[in-house]
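Notes to accompany the following structure.
The values are calculated or read from the model by the stated rules, or taken from the named source; none is laboratory data. From a predicted model like this one, the values you see are computed outputs, not experimental measurements. Neighbour counts run over all protein chains shown; Cβ positions are idealised from the backbone, glycine included. Note: areas computed on protein heavy atoms with side chains; ligands, DNA, RNA excluded. Shrake-Rupley method; radii C 1.70, N 1.55, O 1.52, S 1.80 Å.
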Amino acid sequence: MEKIKLAFRENKRRFIIIGCVVLLCIVAALGIIYFALRNKSDIQGERPGGMGERQSDGSIVASGTTMVGMVEDSYDIDYLEDDLYIEKVYISSGDEVKEGDPILKLSEDTVSAGQRQLEKAVTQAELDYRSGVVSYNLSKVDEQNTYDLSIKNGELAASVYADKLASIDENLTSLQEQIADKQEDIQEYQDAIDNDTYYDKYDVGYWKNVYETNYGVFNERVNEWNLAQYLETCDTDYSRYQFVSTGGNASGSGSASSGTGSSSNGTGSTSSTVQVSGEEKEQLNQMTTFLKRVYEYLDKYEAAQDAYEAAKKDAAVQLEKCKVELESLQLQLQEAQLTYEADQNEAKANYESAVAEAGAAQSTYNTAIKKLDEDLEAKQNDKEDAEDNLAHFEELVGDGYFRASSNGTARVVTSQAATDLTDDTMVMAYSNPDTVTVTVAIDQSYIAQLAIGDKATVAIEDHDDFDAVITQIQPTSSSTSRSSVTYNVEVTLEGDVSDLDVNLTAVVTFPSESQNATETSDTADGIDKIDRIDSSADMGTVSENQLREEGLTKESTQDSIEVSTEEQVERTSGIQAEEQAEKTSGLQAEEQAERTSGKQTEEQVEEQTEEQAEKSSGKQAEQAGGEQE
């Protein structure tokens, strides 16, 4: 029984100890959460300081506290096909880093592969650019030819237009003439078929009459002179006759058809030589000549007869052909008449187009050349981008290490060994004692006056005033009203800030728009003076006296140009940044504030939490000891 009581007491003691430990852990956790939240609330409530108010001169004044700037080193290479591989991480939170210290060691294989890819891209971009130069020069020649052709067409437009109108009229006239000729042919063929007009056209009757008349006279003479005995058929044409030779003198020649049936009584098929008297010989010679003429008439008669027969036979075919051709010509004429006005309008439009193109030739040429220049410039930009990418890669991780960009204390290291380093990754965030910022709250009614890049003045107790520049504007919803929006405006101090500590009260003054305008006007006056001096310098008349009269020196004018240019660029970029800032949600601003302020007070929170946890754990231990007793 005693043993059971002892075992019970021992188990009870163990449970009490375990319960105390668990209670102590809970209290410690609650203490940590309490102090972290209180610190966070204090930081968020106190960072912006007093709400900005507009002064009588139009400037805006707000208060805040100084904070050490934070620097983020990010891997911002987005042009690699494959990610780099992290072999080792050298830095952890709380470590002090110096500019150039290695943060990550990267795989040699992935770095080499990335470099080869970028080198190949540079080579390809150079080839594309060279090809673009060749294409650019050829295209410029083509555009010049197009320009010259447009000018020439414009000069010839009037004459071309007149020729086109004349051609349209000539086409109509030609079609009408062809139709008239074709109608005449049709009438001719129709008459040939219906009225046998070809008989007279080819003089068949005429040559027939001539032949028969002369042949009749020939027969009368032959019979009268009794010369029929001397006629014989020709060797080549037995239908015709010739006179026999007389005394060795050939008295007959030629060939002719008997035509209507001659009464000549020639016999035999071969010529022979006969002896005749002198009178008969003379008669034979005359008749031989006459017979040749008769047969010539016979030839013409037969040719006319043949032509007549052929034409009469072909007339029917030609008639049908001409009818088809006439119908085609009539259709062409009808179409030409219908399109006559349209053709004239087209010719006029072409004329006006040629004149307009000639008038716009220079502008068209300039536009085309500008496009060619832009295309070539794009290729050159691609080449430069490829070269810049390679240079950026080599500078950032070319030696296989990702290095710190400045001095500071590491607060967050996000990269881990044996993982890939991807694009747009924040590798490390660390405080930078060389940068001091002040964040103030500005109501939305005043924010339009401010832009990223604008100047400001920061007054800190026991320190000289500092010039500052607006570097960030973020909207946040007010806790008192959903419709009220305030903006956290961050300014970065310029100059030597090594003597400043964190959490110093600072009063930030933003100049009014009129003051900014005055500064801009002064800058413009300075630039105007510089322009006048430059103009004089171009004419060779500038002197030191002129510089003195303008209140400028060469060094001051150059400085004024640089300052005014920087201010203009900063003001322009500020407007764009303001639009971007308005799109950023209040939650993003809160997270940025938490990360910036939380990292600065992390060590304080840890120390306070540990102290509170130790006190709480001590009290709990004492209470537990009393209960055990």
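Could you tell me which of the residues Ala417, Ala404 is in contact with a Leu (Cβ under 9 Å, 6 or more places away or on another chain) and closer than 25 Å to Leu106 by Cα?
On the way: Ala404 fails: in contact with a Leu (Cβ under 9 Å, 6 or more places away or on another chain).
Exactly one residue qualifies, and that residue is Ala417.
Under 8 Å between Cβ atoms, at least 6 apart or on separate chains: pull out the pairs that start in the range 286-299 with a residue that is open to solvent by 80 Å² or more (accessible area, probe 1.4 Å) and end on any residue that is among the hydroxyl-bearing types (Ser, Thr, Tyr).
Taking only residues 6 or more apart or on different chains, the pairs are Lys292/Ser253.
Within the range 380-400, which residues are touching a residue at least 40 places away in the same chain (Cβ under 8 Å) and among the small types (Gly, Ala, Ser)?
Hits for the range 380-400 are Ala386, Gly398, Gly400.
From (1) aliphatic (A, V, I, L, M); (2) surrounded by fewer than 19 Cβ atoms within 10 Å (Cβ to Cβ); (3) under 23 Å from Val68 (Cβ atoms), pick out the condition that doesn't hold for Ala418.
For Ala418, the failing item is (3).
What tally of residues in the range 80-93 results from selecting those that are open to solvent by 50 Å² or more (accessible area, probe 1.4 Å) and part of a loop (DSSP other than H, G, I, E, B)?
Result for the range 80-93: 6.
Run Asp76 past the list (1) under 30 Å from Glu352 (Cβ atoms); (2) open to solvent by 40 Å² or more (accessible area, probe 1.4 Å) and report the number of the one that doesn't hold.
Asp76 satisfies all of (1) under 30 Å from Glu352 (Cβ atoms); (2) open to solvent by 40 Å² or more (accessible area, probe 1.4 Å) except (1).
Can you tell me which residues in the range 57-115 are among the hydrophobic types (A, V, I, L, M, F, W, C) and over 18 Å from Arg411 (Cβ atoms)?
Residues satisfying the conditions are Ile60, Val61, Ala62, Ile77, Leu80, Leu84, Ile86, Leu106, Val111, Ala113.
Of all residues in the range 402-424, count the ones that are closer than 19 Å to Glu99 by Cα and part of a strand (DSSP E or B).
8
Taking the condition exposed (fewer than 15 other Cβ atoms within 10 Å of the Cβ), more than 30 Å from Leu396 (Cβ to Cβ), of a type outside the set (S, T, N, Q) and touching a residue at least 40 places away in the same chain (Cβ under 8 Å), does Ala166 pass?
Details: exposed (fewer than 15 other Cβ atoms within 10 Å of the Cβ): yes; more than 30 Å from Leu396 (Cβ to Cβ): yes; of a type outside the set (S, T, N, Q): yes; touching a residue at least 40 places away in the same chain (Cβ under 8 Å): no.
In short, no.
What residue, of Asp388, Asp399, is in a helix (DSSP H, G or I) and modelled with pLDDT of 90 or more?
On the way: Asp399 fails: in a helix (DSSP H, G or I).
Asp388 is the lone residue from the list that is in a helix (DSSP H, G or I) and modelled with pLDDT of 90 or more.
If Gly154 passes every condition in (1) open to solvent by 60 Å² or more (accessible area, probe 1.4 Å); (2) within 30 Å of the chain's Cα centre (by Cα) but one, which one does it miss?
(1)
Is one or more of the residues making up the range 105-115 in a strand (DSSP E or B) and surrounded by 12 or more Cβ atoms within 10 Å (Cβ to Cβ)?
Yes - at least one qualifying residue is present in the range 105-115.
Could you list all residues from the range 104-136 that are among the hydrophobic types (A, V, I, L, M, F, W, C) and in contact (Cβ under 8 Å) with a residue 40 or more places away in the chain?
Hits for the range 104-136 are Leu104, Leu106, Val111, Leu118, Ala121, Val122, Ala125, Val133.
Here are the criteria: (1) buried (at least 16 other Cβ atoms within 10 Å of the Cβ); (2) at pLDDT below 60; (3) part of a helix (DSSP H, G or I). Tell me which single one Ala28 does not satisfy.
Condition not satisfied by Ala28: (2).
Does Thr425 qualify as being over 29 Å from Val491 (Cα atoms), under 42 Å from the mean Cα position of the chain (by Cα) and polar (S, T, N, Q)?
Values: over 29 Å from Val491 (Cα atoms): no; under 42 Å from the mean Cα position of the chain (by Cα): yes; polar (S, T, N, Q): yes.
In short, no.
Only one of (1) open to solvent by 40 Å² or more (accessible area, probe 1.4 Å); (2) touching a residue at least 40 places away in the same chain (Cβ under 8 Å); (3) more than 39 Å from the chain's Cα centre (by Cα) is not met by Cys322, so which one is it?
That leaves (1) as the condition not met.
Of the numbered conditions (1) touching a residue at least 60 places away in the same chain (Cβ under 8 Å); (2) outside any helix (DSSP H, G or I), Tyr365 fails exactly one; give the number of that condition.
For Tyr365, the failing item is (2).
Quick one: in the range 441-478, which of the residues that are within 12 Å of Ala506 (Cα to Cα) and either open to solvent by 30 Å² or more (accessible area, probe 1.4 Å) or polar (S, T, N, Q) (or both) is farthest from the chain's Cα centre (by Cα)?
Residue satisfying both the conditions and the ranking: Asp462.
Output the number of residues of the range 190-222 satisfying the condition of being open to solvent by 40 Å² or more (accessible area, probe 1.4 Å), modelled with pLDDT under 90 and aromatic (Phe, Trp, Tyr).
2
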